[in-house]
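A short write-up of the structure that comes next.
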């Protein structure tokens, strides 16, 4: 009996074999639709504020420009940062060319979350400013709704068999058929193979089980982050923009942790190697060896902290304005006196 899971042989990136319909694209549609519906729920629950200025057409258009910015930013960032071959610099039109060298439709392969975030922010802010929509208040609603969609995006990665993790002897490890084989003579490989009862005799390279890091990210960046934002902080934010800052910090933390289980990008490896220098990307040896995704996550968390401090400081310096919800002091005193009289009786 194997002490790990084999990647399900019945899973295929294509929904219908032979047709250019892929599960990954469908998962994107599910994620966008879910974020839209959850944002509508929040607008419906609001009695005042941004809900009074955002029509249904505005919301649809806002999502259109945000998603367009996300796709453009994610693709450009992935092509320029994560691809070191230089082919996109010499032939930039290939960034958005959905066919491979043989003319086979592949879609837009290679998307960067951090680039998508920058593009989405650009598209969102541009449209919000044009329509005079409060960026911070609307942004709070969006970031509260979005994380649950990441769950489906990462499930799409799992179905594609991409972005798999480092080798592991854990019983929930998954052996992906297209994963890079590792040297059978490496001491760590021999130890893991022995624990999993994998025979290495006569092999120079072997395909070992991997952490299903896509599913780890689906849980951490998706379900857990969404639950925290939606159920814990959604009705307790102290100022506008608080949810945005919290989202930046929360996602960065989840992604930073998940990166320790995920294989770093083959072209980049570890960008900071303060741990063992002979650390292959497929093996976890030290938390001091940092990937590109972790560096970008650190910058993202710092941006979230800076935003919270900035907005908190602005809120403290702003003059207190009495709103229609705040009764004047003499009315509050009158109510207290009335309650005392009633209590004496």
The residue that is surrounded by the most Cβ atoms within 10 Å (Cβ to Cβ), considering only those in region 201-211 that are out of contact with any helix residue (DSSP H, G or I) (no Cβ under 9 Å at 6 or more places or on another chain) and under 14 Å from residue 163 (Cα atoms), is 210
For region 238-249, pairs from a residue that is in contact (Cβ under 8 Å) with a residue 60 or more places away in the chain to a residue that is in a loop (DSSP other than H, G, I, E, B), with Cβ under 7 Å and 6 or more apart or across chains, are 243/237
Just to be sure I understand, how many residues within region 7-31 are part of a helix (DSSP H, G or I) and touching a strand residue (DSSP E or B) at 6+ places or on another chain (Cβ under 9 Å)? 1
Restricting region 141-168 to residues that are at pLDDT 95 or above and in contact with a strand residue (DSSP E or B) (Cβ under 7 Å, 6 or more places away or on another chain), which is farthest from residue 179 (Cα to Cα)? 168
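Here is a check on your reading of the model: is residue 214 over 25 Å from residue 254 (Cα atoms) and either loosely packed, with under 15 Cβ neighbours inside 10 Å or modelled with pLDDT of 95 or more (or both)?
Values: over 25 Å from residue 254 (Cα atoms): no; either loosely packed, with under 15 Cβ neighbours inside 10 Å or modelled with pLDDT of 95 or more (or both): yes.
So residue 214 fails the test.
Please go through region 267-303 and give me each residue that is in a loop (DSSP other than H, G, I, E, B) and in contact (Cβ under 8 Å) with a residue 24 or more places away in the chain, ordered by number. Break it down into steps so the answer makes sense when it comes.
Step one: of region 267-303, the residues in a loop (DSSP other than H, G, I, E, B) are 267-269, 274-288.
Scanning region 267-303 gives 267, 268, 280, 281, 282, 283, 284, 287.
Residues that are under 16 Å from residue 164 (Cβ atoms) and either touching a helix residue (DSSP H, G or I) at 6+ places or on another chain (Cβ under 8 Å) or surrounded by fewer than 21 Cβ atoms within 10 Å (Cβ to Cβ) (or both): does region 224-240 have at least one? Even if it seems obvious, please write down each step before you answer.
Residues of region 224-240 that are under 16 Å from residue 164 (Cβ atoms), as a first pass: none.
Checked region 224-240: no residue is under 16 Å from residue 164 (Cβ atoms) and either touching a helix residue (DSSP H, G or I) at 6+ places or on another chain (Cβ under 8 Å) or surrounded by fewer than 21 Cβ atoms within 10 Å (Cβ to Cβ) (or both).
With the structure loaded, tell me whether residue 307 is modelled with pLDDT of 85 or more and either assigned to a helix (DSSP H, G or I) or buried (at least 20 other Cβ atoms within 10 Å of the Cβ) (or both) or whether it fails that test.
Details: modelled with pLDDT of 85 or more: yes; either assigned to a helix (DSSP H, G or I) or buried (at least 20 other Cβ atoms within 10 Å of the Cβ) (or both): yes.
Taking the combined requirement at face value, the residue satisfies it.
Quick check: is even one residue across region 94-108 within 20 Å of residue 226 (Cβ to Cβ), in contact with a helix residue (DSSP H, G or I) (Cβ under 8 Å, 6 or more places away or on another chain) and part of a helix (DSSP H, G or I)?
Residues of region 94-108 that are within 20 Å of residue 226 (Cβ to Cβ), as a first pass: none.
Scanning region 94-108, I find no residue that is within 20 Å of residue 226 (Cβ to Cβ), in contact with a helix residue (DSSP H, G or I) (Cβ under 8 Å, 6 or more places away or on another chain) and part of a helix (DSSP H, G or I), so the answer is no.
In the list 198, 192, which residue meets the criterion of being surrounded by 16 or more Cβ atoms within 10 Å (Cβ to Cβ), free of Cβ contacts under 8 Å to residues at least 12 places away in the same chain and either more than 19 Å from residue 265 (Cα to Cα) or in contact with a strand residue (DSSP E or B) (Cβ under 8 Å, 6 or more places away or on another chain) (or both)? Quick ask: steps written out before the conclusion?
Working: 192 fails: free of Cβ contacts under 8 Å to residues at least 12 places away in the same chain.
Going through 198, 192 in turn, the sole match is 198.
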Considering 189, 257, which residue is in a helix (DSSP H, G or I) and either on the phi > 0 side of the Ramachandran plot or under 23 Å from the mean Cα position of the chain (by Cα) (or both)? 257
Would you mind stating whether residue 76 is closer than 26 Å to residue 19 by Cα, in contact with a helix residue (DSSP H, G or I) (Cβ under 7 Å, 6 or more places away or on another chain) and not in a loop (DSSP other than H, G, I, E, B)? no
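Look at region 169-186 and say how many of its residues are in a loop (DSSP other than H, G, I, E, B) and either in contact with a strand residue (DSSP E or B) (Cβ under 8 Å, 6 or more places away or on another chain) or surrounded by 13 or more Cβ atoms within 10 Å (Cβ to Cβ) (or both). Give the derivation first.
Within region 169-186, the first condition is being in a loop (DSSP other than H, G, I, E, B), and the residues that meet it are 169-173, 176-181, 184-186.
Among the residues that remain, those that are also either in contact with a strand residue (DSSP E or B) (Cβ under 8 Å, 6 or more places away or on another chain) or surrounded by 13 or more Cβ atoms within 10 Å (Cβ to Cβ) (or both) are: 169-170, 172-173, 176, 179-181, 184, 186.
Summing the residues that are in a loop (DSSP other than H, G, I, E, B) and either in contact with a strand residue (DSSP E or B) (Cβ under 8 Å, 6 or more places away or on another chain) or surrounded by 13 or more Cβ atoms within 10 Å (Cβ to Cβ) (or both) in region 169-186 gives 10.
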Mind listing just one residue for me: the one in region 47-66 that is in contact with a helix residue (DSSP H, G or I) (Cβ under 6 Å, 6 or more places away or on another chain) and under 30 Å from residue 93 (Cβ atoms) and, of those, surrounded by the most Cβ atoms within 10 Å (Cβ to Cβ)? 66
Selection count where residues are surrounded by fewer than 21 Cβ atoms within 10 Å (Cβ to Cβ) and over 25 Å from residue 268 (Cβ atoms), scope region 106-126: 2
Test each condition in (1) touching a helix residue (DSSP H, G or I) at 6+ places or on another chain (Cβ under 8 Å); (2) surrounded by 11 or more Cβ atoms within 10 Å (Cβ to Cβ); (3) farther than 28 Å from residue 294 by Cα for residue 44 and report the one that comes out false. (2)
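The values are calculated or read from the model by the stated rules, or taken from the named source; none is laboratory data. Here the structure is a predicted model, which is why all the values come from computation and not from measurement. Ideal geometry is used to build each Cβ from the backbone, glycine not excepted, and the neighbour counts take in all protein chains shown.
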